[in-house]
Amino acid sequence: MSKDFLYNDIANAIASQIRTGVLKSGDRLPSVRMLCKDHGISMNTAKRVFLELEAHSLIDSKPQSGYFVSRQSSIKLPLPEVSRPSSVANDNEPDELISRVYADMGDDRLTLFSISALSADLLPLVKLKKEIGHAVRNLKDAGTAYESLQGNVRLRRMVAVRSLAWGGDLHENDVITTNGAINAVSLCLMALGKPGDTVAMESPCYPGTLQLVISLGFKVLELPTHPVTGLEINALKEAIPKINICLLVPNFNTPLGSFVPDEHKKEIVTLLSSHHIPLIEDDVYGDLYFGLQRPKCCKSFDKEGNVLWCSSGSKSLVPGFRVGWVAPGKYKEKLLKLKRIHSISSASIIQESVANFLKTGKYENHLRQLRRILQDNYQNYIHAIAQYFPEGTKISRPQGGLSIWVEFSEIDTRKLYDLAIKQQISIAPGRMFTLQDQFENCMRLCIGLAWSAEVKFKLKQLGNLAKVMQMS
């Protein structure tokens, strides 16, 4: 029996039991290992079964507990369409729109559904302040001297240790620290290409990355992306002759929250390596998974040093510290030279404090709680959207991360932004996430806000505005 037949057959059987009431809301499902044993399938095939069921909001995964029939299973919100961007590289940057939305940051009067970051209520601020004090006391010269070019050795060591959870097997000497993930991606782009080169990316994609790529003189080729499984591999294969660099967010990218299955990651790495095309992997959301274990990265399958793995603590710990890192593989010396030219050193005290936070286990404790909160937020958002948004609204099914992608049938979300901001609500219109004329009827909502009656009310207001627009 083929893998595809097994995967579909098992997923459909469980889905049928849920829909007919044999399995009821809250019932626990077999574990991945039990599913493997019962059906004689591989771990990856079993995970695909659960991924498919989660994608249709039939089940939920709870960290350290397993899979359960979802209370969302009766909600029929369809998935957004697979994106179909133009096959021609583009640079039609929506700069004015992006500037308006990002100007909302820091405005305490607004409910910021627009910014993909954790609210202060979800940050371990007290513990981090203590770590800063420890770092000042313990560092030589109280951290006033320049850090080594490669970065704080304790932080690099902890990044390497934590890579074992996703199959990275890194050594501290493989890692370079940076000023956040976007700085890491910037250094990678400058090391790998030159103005005029073409970078392949998912579509839709984080606007900050799009702006960075364009600002460095590169062209962007946006590729079709599935809202659940991420980049369409056949589209990447067809694009190979046109591209010089590939830049992807395989784990819970923003805005879709899509998750590239392991077998697809491996295929992507093999394909790009065979054509000598480097892959920049932005894994900034990788720690924010809703499932039972940390997902693998493309770097997990890299045998030739062709994958430059970038990440940071900005999305999972604290955005303002700007602590990031990169494992650049065979391009390490190029990146070190660029870091020396552009920044010389990283912030010693901040890097030391984050390193200690990771080493003492405080980060893992914080993540366990945070992942539960974000998954609950996601479920609360689904209920609110199903209750208050116009009929026909489609939403993504993120398996982690901070974003939900919303697709309306006929609403211009730039106009919706204008109406919402008058109600003290900031959203991210879909046109921000592309260089092409698409996603005008879409928006991204951040689920990194602490859930409250106020947040629910703001979603209700937003849905009512969308209903009025759809009727007009």
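The values are calculated or read from the model by the stated rules, or taken from the named source; none is laboratory data. Because the structure is predicted, anything quoted here is derived from the model rather than measured. Because the Cβ atoms are built from the backbone with ideal geometry, glycine has one as well, and the counts that use them run over all protein chains shown. Please note that ligands, DNA and RNA were not included when accessible areas were found on the heavy atoms of the full protein model with its side chains. Shrake-Rupley method; radii C 1.70, N 1.55, O 1.52, S 1.80 Å.
Descriptive notes on the structure:
- The range 415-451, residues that are farther than 19 Å from Ala386 by Cβ, free of Cβ contacts under 8 Å to residues at least 40 places away in the same chain and either in contact with a Gly (Cβ under 8 Å, 6 or more places away or on another chain) or part of a loop (DSSP other than H, G, I, E, B) (or both): Lys422, Glu440
- Qualifying residue in the range 369-384 (condition: under 18 Å from the mean Cα position of the chain (by Cα), open to solvent by 10 Å² or more (accessible area, probe 1.4 Å), of a type in the set (D, E, K, R) and farther than 17 Å from Ala181 by Cα): yes
- Listed by first and then second residue, the pairs with beta-carbon distance under 6 Å, at least 6 apart or on different chains, first residue in the range 341-366 and over 19 Å from Val161 (Cα atoms), second of a type in the set (S, T, N, Q) and at pLDDT 95 or above, are Ser346/Thr177.
- The residues of the range 28-51 that are of a type in the set (Ser, Thr, Tyr) and out of contact with any Lys or Arg (no Cβ under 7 Å at 6 or more places or on another chain), listed by number, are Ser31, Ser42.
- Scanning the range 414-462 for residues that are touching an Asp or Glu at 6+ places or on another chain (Cβ under 7 Å) and among the β-branched types (Val, Ile, Thr) gives a single hit, Thr434.
- Test: residue in the range 184-205 that is among the β-branched types (Val, Ile, Thr), open to solvent by less than 10 Å² (accessible area, probe 1.4 Å) and farther than 19 Å from Ile268 by Cβ: no
- Looking only at residues of the range 55-95 that are in a loop (DSSP other than H, G, I, E, B), in contact with a Lys or Arg (Cβ under 7 Å, 6 or more places away or on another chain) and open to solvent by less than 30 Å² (accessible area, probe 1.4 Å), we find that the one that is modelled with the highest pLDDT is Pro80.
- Checked against (1) surrounded by 12 or more Cβ atoms within 10 Å (Cβ to Cβ); (2) over 22 Å from the mean Cα position of the chain (by Cα); (3) more than 30 Å from Lys299 (Cα to Cα), Ile98 passes all but condition (2).
- Residue in the range 109-118 that is surrounded by fewer than 18 Cβ atoms within 10 Å (Cβ to Cβ), among the small types (Gly, Ala, Ser), in contact (Cβ under 8 Å) with a residue 60 or more places away in the chain and closer than 24 Å to Leu449 by Cα present: no
- Some residue of the range 391-408 being assigned to a helix (DSSP H, G or I) and either touching a Leu at 6+ places or on another chain (Cβ under 6 Å) or open to solvent by less than 40 Å² (accessible area, probe 1.4 Å) (or both): no
- Scope the range 417-457; condition closer than 23 Å to Leu79 by Cα, among the charged types (D, E, K, R) and open to solvent by 20 Å² or more (accessible area, probe 1.4 Å); matching residues: Asp437, Glu440, Lys456
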